[in-house]
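What follows is a single structure, written as structure tokens, with notes after it.
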């Protein structure tokens with residue numbers, strides 16, 4: 001498992017050393033929290049739904065984790081172009097360990113980014129309902145991050161260039177995010193949209209974070225955990241198969 005640890009730590013060091021990346025990754029979440037949280041907040045309150053910022057922040061945290069974890073797959077294409085991936089693939093270690101280390105590193109970086117966004121939300125005015133549920137929120141952050149790191153790895157295993165990866169990923173994850181209930185409640189929607197939301201794995205991640213941080217859930221925390229864990233296992237099998245067939 002040494003190669004797994006090396007790859008995991010390599011991605012974390014890259015993130016910690018890249019201060020522009022850390023600062024730049026906070027721009028979009030901050031924009032959503034300020035523009036939407038305070039812009040739509042009065043309308044949301046007049047509708048009798050409470051504090052919109054508290055409803056919005058878990059979705060913004062999930063967004064930050066989603067984008068960071070999926071785009072960690074870019075490093076596979078980058079390493080392939082510079083020959084580093086070939087050196088790893090010819091090493092006498094199982095490819096599963098290589099893939100697992102990469103995905104675990106990408107997931108860890110995504111969690112760190114999600115925690116930074118969470119701290120930023122406290123400055124903006126977000127209030128967590130129960131601080132002892134924060135550890136549970138971190139568990140759900142990991143499930144979201146690892147699931148979509150596997151998703152990004154699977155796509156990167158099929159792609160040969162960075163531009164193609166970015167186009168495909170943006171085409172897939174933008175609908176996943178906007179149709180996850182991050183911006184609006186799931187109750188009272190039309191039948192077609194409700195079906196789409198229920199088959200979207202990110203919907204359960206957003207719902208789980210919202211339940212852990214502010215005590216609001218559309219499903220239940222156990223349902224969210226079960227579905228996220230099950231989909232993660234499926235993605236692990238698929239990503240492992242695709243990565244095993246990759247050619248450097």
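The values are calculated or read from the model by the stated rules, or taken from the named source; none is laboratory data. Just so you know, these numbers come straight off a predicted model, no measurement behind them. Note that we place each Cβ from the backbone using ideal geometry, even for glycine, and neighbour counts take in every protein chain shown.
For the reader, a short list of remarks on this structure follows.
- Matching option when the condition is part of a helix (DSSP H, G or I), closer than 23 Å to residue 26 by Cβ and over 13 Å from the mean Cα position of the chain (by Cα), among 96, 134, 85, 143: 134
- Helices (runs of 4 or more DSSP H) lying entirely in the stretch 150-248 (those with 2 or more residues that are touching a residue at least 60 places away in the same chain (Cβ under 8 Å)): 162-178, 201-214, 221-244
- Condition broken by residue 74, with the remaining ones in (1) assigned to a helix (DSSP H, G or I); (2) at pLDDT below 80; (3) surrounded by fewer than 20 Cβ atoms within 10 Å (Cβ to Cβ) satisfied: (2)
- Single match in 176, 213, 228, 172 (criterion: buried (at least 21 other Cβ atoms within 10 Å of the Cβ), within 19 Å of the chain's Cα centre (by Cα) and more than 30 Å from residue 93 (Cα to Cα)): 213
- Evaluation of residue 58 against the conditions (1) under 30 Å from residue 157 (Cα atoms); (2) crowded, with 23+ Cβ neighbours inside 10 Å; (3) within 17 Å of the chain's Cα centre (by Cα) shows that the sole unmet condition is (1).
- Here residue 233 fulfils each of the conditions (1) touching a helix residue (DSSP H, G or I) at 6+ places or on another chain (Cβ under 8 Å); (2) exposed (fewer than 15 other Cβ atoms within 10 Å of the Cβ); (3) modelled with pLDDT of 90 or more apart from (1).
- Per-region count, the stretch 33-55, residues modelled with pLDDT of 65 or more and not in a helix (DSSP H, G or I): 3
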